[in-house]
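Notes for the one structure printed next.
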Amino acid sequence: MTPEITPPRDPGAVATTKLLAPTSLERLSINVSGQDWLPIPNLDHASEPELAAVEEYLDKQFPREADAFIYTGRNSFELVSRSEALLFKTERALEWEGKRRALLSGSAKSTDTSLDNCVVFAGAASRSLGNGIADRLGISRGDILFGQFANGESRIQVGQSVRDRDVFIVQSIANPVNDSLVELGLTADALKRASARSITAVVPYFGYSRQDRKGGVRGPISARWVADLYETSGIDRVVTIDIHAEQIEGFFKGAMDNLAGFPLMVHHICKKYGSGKITVVSPDAGGMQRAVNASHLLARHLTMVSASGEPVLDTPIRVEGMYKRRDKPNEIAESRLIGDGESVRDATCILVDDMVDTGGSAIKAAESLREYGAKNVVICATHALFSKRCVDLFRNTKTATGQRVVDEVLVTDTLPLRRGRGDLITVVSVETLLAEAIKRICRGDAASLRELAGFCGQFDQ
């Protein structure tokens with residue numbers, strides 16, 4: 001007997017199943033490979049709560065008094081006795097919790113022999129992040145010296161042999177931007193001349209990504225020039241997070257992996273704001289797809305973490321967009337909500353963007369959402385550029401009643417952050433995400449966006 005699996009219409013929902021014949025269900029096995037409704041394509045990489053939720057849905061569709069489904073690997077489920085299923089799930093949950101805590105504490109070291117040939121070099125702009133990734137993977141930190149000559153030129157010196165090694169350079173294009181960019185290029189050139197087998201640039205924040213087209217009649221396409229610089233320097237592959245314009249991937253002849261940072265923030269959002277009405281908002285038309293993806297992730301997580309397997313919210317997570325007009329770079333002339341604002345009223349608005357620079361766009365959008373009656377405004381941005389007095393702007397801009405316009409700013413550590421941010425700024429780390437990406441590249445696994453997004457959802461930040 002084979003069950004029929006029907007994918008749901010809503011991407012955030014879970015599929016239903018029905019029997020084709022009323023025969024016995026003893027030791028029934030179901031394989032769900034290729035179903036686009038799964039949390040991630042390969043459930044072997046799924047979190048324990050995701051597996052438990054899918055098992056629960058199958059139990060509801062195949063109601064049996066003394067039997068329950070358990071996941072047996074390779075996207076397959078098997079029907080066993082309830083006592084056997086309870087014991088299996090308890091052991092799995094305990095094992096999963098131990099691994100999760102070890103990874104979050106940084107005490108877990110990799111013993112994977114496929115990583116033996118890998119070396120991680122931490123750039124001057126991402127030294128803490130790069131060293132943390134190497135320690136998490138349990139592989140050697142690259143010995144490299146960064147300095148300057150008397151006239152300000154960058155000086156790079158690799159202090160170890162990298163002949164026939166797979167090397168990873170972790171370097172965000174952080175302020176000072178041009179120095180960081182030159183250091184990355186010179187490091188890659190030094191490693192290439194030292195006979196490294198492959199060079200992967202892990203660039204958490206891809207500088208110049210906003211200049212993906214001509215800014216004027218006689219302006220450069222700066223992002224294309226940067227891509228050419230990377231390839232000329234000997235970089236074989238680039239790994240980045242939430243690049244501003246995805247079409248930049250087409251500027252590279254080699255491989256490029258654009259990972260997602262928002263899944264790292266999902267647990268925090270659901271834990272803090274999941275009990276009320278949530279609306280995801282894009283600050284401009286170009287970010288609508290990012291907002292839609294964010295809404296699906298939030299809906300899926302709320303479904304998976306609930307005890308009953310049903311969504312916590314009575315209403316679906318809505319997505320709204322805003323109209324934004326600039327007169328000049330870094331200055332917003334107008335920002336307003338598109339629509340009647342009904343889904344914003346009394347809601348926690350999650351304003352999703354790839355970066356926060358001066359904060360002007362975010363403040364204008366937040367003020368507009370407050371005018372429509374938003375209960376809370378939370379800014380989620382992967383890259384915290386925080387130029388000028390951005391943090392002070394978030395902290396001091398208030399409504400007519402004296403309430404802060406922005407309740408919380410949720411960012412990652414793709415860029416080094418200054419101390420003294422206060423309780424307004426919450427930072428989640430991309431260390432786990434990038435470590436997993438490097439591990440998959442070394443193993444030859446697919447470092448796909450969907451699978452890594454599912455992987456990151458396993459961890460409480």
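Against the condition under 28 Å from residue 195 (Cα atoms), open to solvent by less than 50 Å² (accessible area, probe 1.4 Å) and at pLDDT 75 or above, how does residue 121 come out, does it pass?
Answer is yes for this residue.
(1) open to solvent by less than 80 Å² (accessible area, probe 1.4 Å); (2) modelled with pLDDT under 85; (3) within 22 Å of residue 410 (Cβ to Cβ): which one isn't true of residue 320, the others all being true?
All conditions are met except number (2).
Quick check on this structure: which one of 380, 390 is over 18 Å from residue 324 (Cα atoms) and open to solvent by less than 40 Å² (accessible area, probe 1.4 Å)?
Only one candidate qualifies: 390.
Give the residue that is nearest to residue 416 (Cα to Cα), with candidates limited to residues of segment 165-202 that are assigned to a helix (DSSP H, G or I) and open to solvent by 50 Å² or more (accessible area, probe 1.4 Å). Walk me through it before giving the result.
Filtering segment 165-202 for residues assigned to a helix (DSSP H, G or I) gives 177-193.
Pick out the ones that are also open to solvent by 50 Å² or more (accessible area, probe 1.4 Å) and you get 177-179, 182, 186, 192-193.
Numbers: 177: 12, 178: 16, 179: 15, 182: 18, 186: 21, 192: 27, 193: 29 Å.
Within segment 165-202, the match that is nearest to residue 416 (Cα to Cα) is 177.
Just checking, how many residues over segment 377-413 are under 19 Å from residue 269 (Cα atoms) and either modelled with pLDDT under 90 or within 23 Å of the chain's Cα centre (by Cα) (or both)?
16
Looking at 414, 426 in this structure, which one is in contact (Cβ under 8 Å) with a residue 60 or more places away in the chain and either in contact with an Asp or Glu (Cβ under 7 Å, 6 or more places away or on another chain) or in a strand (DSSP E or B) (or both)?
Working: 414 fails: either in contact with an Asp or Glu (Cβ under 7 Å, 6 or more places away or on another chain) or in a strand (DSSP E or B) (or both).
Residue meeting the stated conditions: 426.
So which residues in segment 235-268 are over 12 Å from the mean Cα position of the chain (by Cα) and within 14 Å of residue 293 (Cβ to Cβ)?
Within segment 235-268, 246 is the sole residue that qualifies.
The values are calculated or read from the model by the stated rules, or taken from the named source; none is laboratory data. Being a predicted model, the structure only gives us computed values, none of them experimental. All Cβ positions, glycine included, derive from the backbone under ideal geometry; neighbour counts span all protein chains shown. Heads up: the accessible areas ignore ligands, DNA and RNA and are worked out on the full protein's heavy atoms, side chains in. Shrake-Rupley method; radii C 1.70, N 1.55, O 1.52, S 1.80 Å.
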